[in-house]
Amino acid sequence: MIAGHPQPFTGSTFIVEKAKAYWELLKFRLSFLVAFSCAFGFVLAAPVVDYWKLSMVFTGGFLLSGASIAINQIIEKDLDKLMTRTMNRPLPTGRLSITEAFGFAMVCFIGSMALLITFTNPLTVILSLVSMILYSFVYTPLKRVGSIAVFVGAIPGALPPLLGWVAATGVVSHEALIIFGIQFIWQFPHFWAIAWVADEDYKKAGFKLLPYGGKKDLNTAIQIMIYTLFLLPLGLLPAKFGITGINSAIIATVCGVLFLAQTFSLLKTGSRQSALRIMFGSFLYLPIVQIAYLWDKI
């Protein structure tokens with residue numbers, strides 16, 4: 001299929017192709033990870049887990065993520081056409097129109113708000129709206145301004161576990177800020193490793209996500225290493241404050257050390273392969289540590 005020239009379909013094939021396009025617009029894996037982080041915060045905070053409420057928090061977080069991602073793709077439709085990694089998305093290829101994508105985003109958003117208003121509390125709803133606004137309408141345009149976008153994007157990226165905690169307790173406590181802080185700091189090596197790998201593609205769209213001058217150089221590699229290093233003490237705070245126990249602290253430390261070890265290769269070689277290892281390491285670090293915290297708590 002050529003970008004911008006969708007193949008015409010009819011009947012059941014049309015329905016299947018539309019469903020596939022909406023599925024791609026949703027970015028299921030990313031939305032699932034957001035929902036998982038919401039559920040993680042909820043379970044970690046709840047003295048006794050209400051599984052029905054947990055499922056509603058998970059679904060609400062999933063739909064909110066889907067709405068935010070769809071709006072992001074609507075705004076960046078013309079920029080996505082310029083990049084190899086995004087040119088085959090539903091909007092650049094014309095498989096979905098902006099009207100269809102906007103309608104889908106609204107359905108997801110309304111569904112999310114209905115669930116969160118019904119099953120959580122006003123603070124959770126307000127923070128959810130803040131998260132969506134920051135991601136879709138602040139972070140998205142800032143990607144063409146400079147690396148400040150990574151700082152801004154790290155806030156909604158780290159809010160899901162805090163949202164889950166607030167959904168269970170109704171308050172933003174120091175424990176909620178700890179799990180927010182871990183995910184917030186994790187965003188930086190994660191984002192920058194992706195930006196290093198996709199730098200040439202990002203430049204086609206004018207995205208400026210690498211720190212301090214936006215170059216794949218020693219300075220950027222050092223920044224990635226420093227923020228990864230911060231995860232070591234941060235990973236111990238849940239045990240320190242009694243949220244979890246020593247077993248998860250050990251797992252978090254081992255994962256943090258392994259994650260940190262990948263950054264030294266980037267410092268030494270500056271290669272795309274080293275950045276790829278950091279990127280994949282970041283994808284593994286967060287769910288493993290979160291599952292360890294849950295296992296220790298339960």
Quiz item: 222 nm [θ] for the chain, helices only, -39500 (n - 2.57) per DSSP H run of 4+, per residue, to 500?
Solution: -25500 deg cm²/dmol
Quiz item: Quick one: Kirkwood hydrodynamic radius for region 73-166, alpha-carbon pairs, angstrom, one decimal?
Solution: 14.8 Å
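Using every Cα-Cα pair within region 12-139, state what percent have a distance larger than 22 Å. Each step should come with its number before you reach the end.
On the way: 3124 of 8128 pairs.
Value for region 12-139: 38 percent of Cα pairs lie more than 22 Å apart.
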Self-check item: Size of region 209-298 as Cα extents on the principal axes (Å, biggest first)
Solution: 43, 21, 21
Practice problem: Provide 200, 175 ordered by accessible surface of protein heavy atoms (probe 1.4 Å), highest first. | Solution: 200, 175
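Take the cross-link list 53/297; 27/53; 20/215; 20/216 and give me the ones stretching past 30 Å between alpha-carbons. Walk me through the numbers before you get to the answer.
Details: 53/297 19 Å; 27/53 24 Å; 20/215 37 Å; 20/216 36 Å.
Cα-Cα > 30 Å for 20/215; 20/216; rest within.
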Quiz item: Residues of region 82-196: accessible area per residue at 1.4 Å, in Å²?
Solution: 37 Å²
Self-check item: Compactness of the chain as Cα Rg over 2.2 N^0.38 Å, two decimals
Solution: 1.03
Exercise. On a C-alpha basis, how far is the centre of region 124-187 from the centre of region 83-110 in Å? Whole number, if you could?
Key: 24 Å
Exercise. Working with all protein chains in place, sort 229, 134 by solvent-accessible area computed with a 1.4 Å probe, largest first.
Key: 229, 134
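Within 10 Å of each candidate Cβ there may be at most 13 other Cβ atoms; applying that plus a DSSP loop requirement, which chymotrypsin sites (Phe, Trp or Tyr not before Pro) in region 231-270 survive? The partial results should precede the final answer.
Numbers: sites: 241, 259, 264; in loops: 241.
Taking region 231-270 and a limit of 13 other Cβ atoms within 10 Å, the loop chymotrypsin sites (Phe, Trp or Tyr not before Pro) found are 241.
The values are calculated or read from the model by the stated rules, or taken from the named source; none is laboratory data. As the structure is a computational prediction, the values presented were derived from the model and not from experiment. With ideal geometry, Cβ positions are generated from the backbone for all residues, glycine too; neighbour counts draw on all protein chains shown. Just so you know, the surface numbers come from the protein's heavy atoms only, side chains and all, with ligands and any DNA or RNA stripped out. Shrake-Rupley method; radii C 1.70, N 1.55, O 1.52, S 1.80 Å.
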